[in-house]
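One structure is given below, encoded as structure tokens.
The values are calculated or read from the model by the stated rules, or taken from the named source; none is laboratory data. Bear in mind that the values here come from a model prediction, so they are computed numbers and not experimental data. Neighbour counts are summed over all protein chains in view; Cβ atoms, including those assigned to glycine, are modelled from backbone coordinates with ideal geometry. Surface areas here come from the heavy atoms of the whole protein model, side chains and all, with no ligands, DNA or RNA. Shrake-Rupley method; radii C 1.70, N 1.55, O 1.52, S 1.80 Å.
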Amino acid sequence: QVQLVESGGGLVQPGGSLRLSCAASGSAFRIYFMGWYRRFPGKGRELVATVTEGGRTNYVESVKGRFTISGDYAKKTVSLQMNSLQPQDTAIYYCHMATPSGGFWGQGSQVTVSS
């Protein structure tokens with residue numbers, strides 16, 4: 001069984017920064033996808049950023065230039081550096097990894113941007 005454990009959420013003022021981290025543990029497995037999603041209150045999940053094993057990244061338009069995803073497929077870790085945070089970034093953030101056995105989610109990290 002694969003488990004993803006997140007850390008790093010919290011409350012920050014507009015313009016501030018937070019870093020989310022996610023680490024996978026469990027049986028031996030190979031990761032073939034890593035990404036971060038977020039869920040706004042009362043809405044479905046939105047894909048925020050992805051990173052390939054080769055280091056190629058992709059971002060939703062609203063976070064480009066502010067967020068940076070990094071992943072280590074060998075260590076099974078993925079992080080999301082969030083800078084210049086705005087109130088509209090307030091959401092629950094989830095890491096996601098896919099393996100040949102299926103997809104797995106972190107427990108979710110609340111990020112609140114408010115003055």
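Of note:
- Heavy-atom accessible surface of segment 1-114: percent carbon and sulfur, 1.4 Å: 49
- Average accessible area per residue (Å²) across the chain - probe 1.4 Å, nucleic acids and ligands excluded: 52
- Here the contact order of the chain, divided by its residue count and restricted to Cα pairs under 8 Å and six or more residues apart, works out to 37 percent.
- Per-residue Karplus couplings for segment 36-47, computed as 6.51 cos²θ - 1.76 cosθ + 1.60 with θ equal to phi - 60°, are listed in order as 10, 10, 9, 10, 7, x, x, 10, x, 6, 10, 6 Hz, Gly and Pro entered as x.
- HN-Hα J in Hz across segment 87-98 - Karplus 6.51, -1.76, 1.60, θ = phi - 60°, x for Gly and Pro: x, 6, 8, 4, 5, 9, 9, 10, 8, 9, 10, 10
- Ranked packing of 89-96, 3-10, most packed first, by mean Cβ within 10 Å: 89-96, 3-10
- Relative packing of 14-24, 45-55, which averages over residues the other C-beta atoms within 10 Å, highest first: 14-24, 45-55
- Counting every pair of alpha carbons in the chain, the share spaced more than 21 Å apart comes to 32 percent.
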